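Have a look at the structure below, then the notes.
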Amino acid sequence: MKLEKVVPWGRLASEYERMFSLTSEDRAKRIVDCGGGPSSFTAEMTAQGYSVLSCDPIYQFSQEAIRERIEETCTRMTAMNEETKAQFRWDHYGSPVQLSQIRMRAMRLFLEDYPVGRAQGRYIIGELPLLPFPSAHFDLALCSHFLFTYSEQFTMEFHLQSLREMARVAHEVRVFPILMAFSGEISPHLAPVVAQLQNDHYQVEVRKVDYEFQIGGNEMLVIRHKSV
Ligand SMILES: C[S@@+](CC[C@H](N)C(=O)[O-])C[C@H]1O[C@@H](n2cnc3c(N)ncnc32)[C@H](O)[C@@H]1O
């Protein structure tokens with residue numbers, strides 16, 4: 001991974017709670033955030049005493065290098081959100097400038113926690129479709145704005161392998177959103193991946209959530225091991 005190709009854009013724990021319908025019971029689970037990047041979910045949850053860690057290839061880079069990359073790209077992201085404004089609902093965030101302020105708040109929380117979190121083993125270098133964890137190590141594996149979002153760059157096979165891998169390390173997997181980044185359409189990988197996972201005997205469900213920013217993006221994919 002080359003850092004100059006990464007556009008860091010991290011979300012808050014409060015956004016994760018809505019995107020993944022996290023209940024107080026869910027929050028008490030052992031959670032891994034796959035592709036967590038510069039989100040503050042792990043930092044905020046750890047500060048509240050929960051057991052969360054994050055896995056992302058970006059963690060091979062130093063705090064300073066990630067901070068520089070965030071500063072370089074923030075203005076560009078605000079401009080891009082302005083250009084694509086019509087694809088989003090602004091009732092919660094207000095405007096692209098306000099959204100960038102929220103994203104920067106999340107990324108500052110991440111950056112503050114990153115050196116300590118890395119030393120404590122909460123920011124793990126890892127790249128789907130392989131995860132550096134033993135089987136059944138977590139209760140819940142989350143993935144926000146990586147799988148399905150970049151369906152044009154990653155094949156159906158990559159998605160299937162990644163979801164099977166997340167289901168190997170966790171009892172339950174939740175992925176949000178199921179839409180692609182720019183077209184706003186449901187990922188073409190969703191239907192074949194669901195069919196394959198059902199064939200593998202997982203319980204698979206597309207569930208509505210109380211969060212919608214990308215218009216129509218208010219559903220997550222849930223994959224569970226069938227209880228025997
Ligand atoms: C748009 S960001 C989302 C960050 C965070 N999940 C959030 O919602 O705030 C996408 C993340 O996916 C990570 N990523 C890229 N390739 C990956 C891979 N093969 N496996 C896991 N994460 C990857 C990037 O480094 C980046 O942090």
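The values are calculated or read from the model by the stated rules, or taken from the named source; none is laboratory data. All figures in this text were calculated on a predicted structure; none of them were measured in a lab. Note that each Cβ is placed from the backbone with ideal geometry, even for glycine, and that neighbours are counted across all protein chains shown. Remember, those area values only see protein heavy atoms, side chains included, never the ligands or the DNA or RNA. Shrake-Rupley method; radii C 1.70, N 1.55, O 1.52, S 1.80 Å.
Screening Leu179 with (1) under 19 Å from Met19 (Cβ atoms); (2) in contact (Cβ under 8 Å) with a residue 40 or more places away in the chain; (3) of a type outside the set (S, T, N, Q) gives one miss only, at (2).
Step by step: first the residues of the range 9-33, then only those that are part of a loop (DSSP other than H, G, I, E, B) and of a type in the set (Gly, Ala, Ser), then the one that is most open to solvent (accessible area, probe 1.4 Å). Which residue is that?
Just the residues of the range 9-33 that are part of a loop (DSSP other than H, G, I, E, B), to begin with: 9-12, 20-23, 28-30.
Next cut, of a type in the set (Gly, Ala, Ser) only: 10, 21, 28.
Numbers: Gly10: 1, Ser21: 41, Ala28: 76 Å².
Among residues in the range 9-33 that are part of a loop (DSSP other than H, G, I, E, B) and of a type in the set (Gly, Ala, Ser), the one most open to solvent (accessible area, probe 1.4 Å) is Ala28.
Checked against the criteria, Glu72 counts as acidic (Asp, Glu) and more than 16 Å from the chain's Cα centre (by Cα).
This table checks each residue for (1) within 25 Å of Leu128 (Cα to Cα); (2) among the hydrophobic types (A, V, I, L, M, F, W, C).
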| position | (1), (2) |
| --- | --- |
| Glu72 | no, no |
| Glu83 | no, no |
| Phe110 | yes, yes |
| Asp113 | yes, no |
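What do you reckon, is Ser54 within 14 Å of the ligand (Cβ to nearest atom), part of a strand (DSSP E or B) and out of contact with any Cys (no Cβ under 7 Å at 6 or more places or on another chain)? For Ser54, the condition - within 14 Å of the ligand (Cβ to nearest atom), part of a strand (DSSP E or B) and out of contact with any Cys (no Cβ under 7 Å at 6 or more places or on another chain) - is met. With the requirement that a residue be modelled with pLDDT of 95 or more and more than 8 Å from the ligand (Cβ to nearest atom), what does the range 1-15 give you? Residues satisfying the conditions are Leu12, Ala13, Ser14.
Applying the set (1) open to solvent by 50 Å² or more (accessible area, probe 1.4 Å); (2) of a type outside the set (A, V, I, L, M, F, W, C); (3) touching a Leu at 6+ places or on another chain (Cβ under 9 Å) to Arg103 leaves exactly one unmet item: (1).
Residues in the range 22-51 that are under 19 Å from Met220 (Cβ atoms), of a type in the set (Ser, Thr, Tyr) and away from the ligand (no atom under 16 Å from the Cβ): Thr23, Ser24. In the range 18-40, the residues that are free of Cβ contacts under 8 Å to residues at least 24 places away in the same chain reach residues that are more than 14 Å from the ligand (Cβ to nearest atom) and open to solvent by less than 10 Å² (accessible area, probe 1.4 Å) with C-beta atoms within less than 9 angstrom, at least six apart or across chains, in these pairs: Leu22/Leu140.
Identify, please: which residue in the range 114-157 is closer than 18 Å to Val6 by Cβ and part of a helix (DSSP H, G or I) and is, among those, nearest to the ligand (Cβ to nearest atom)?
Start the filter on the range 114-157 by keeping residues that are closer than 18 Å to Val6 by Cβ, which leaves 114, 118, 123-128, 143-147, 149-150, 152-154.
Cutting the leftovers down to part of a helix (DSSP H, G or I) gives us 114, 118.
Numbers: Tyr114: 13, Arg118: 15 Å.
Filtering the range 114-157 for residues that are closer than 18 Å to Val6 by Cβ and part of a helix (DSSP H, G or I), the one nearest to the ligand (Cβ to nearest atom) comes out as Tyr114.
Whether any residue in the range 62-69 is within 12 Å of the ligand (Cβ to nearest atom) and either of a type outside the set (D, E, K, R) or buried (at least 18 other Cβ atoms within 10 Å of the Cβ) (or both) is what I want to check. Within the range 62-69, one or more residues are within 12 Å of the ligand (Cβ to nearest atom) and either of a type outside the set (D, E, K, R) or buried (at least 18 other Cβ atoms within 10 Å of the Cβ) (or both).
The residues listed here are Val116, Val97; of these, the one that is of a type in the set (A, V, I, L, M), surrounded by fewer than 13 Cβ atoms within 10 Å (Cβ to Cβ) and more than 21 Å from Cys34 (Cα to Cα) is Val97. If the condition is being at pLDDT 95 or above, within 14 Å of the chain's Cα centre (by Cα) and among the small types (Gly, Ala, Ser), then the range 157-181 contributes only Ser162.
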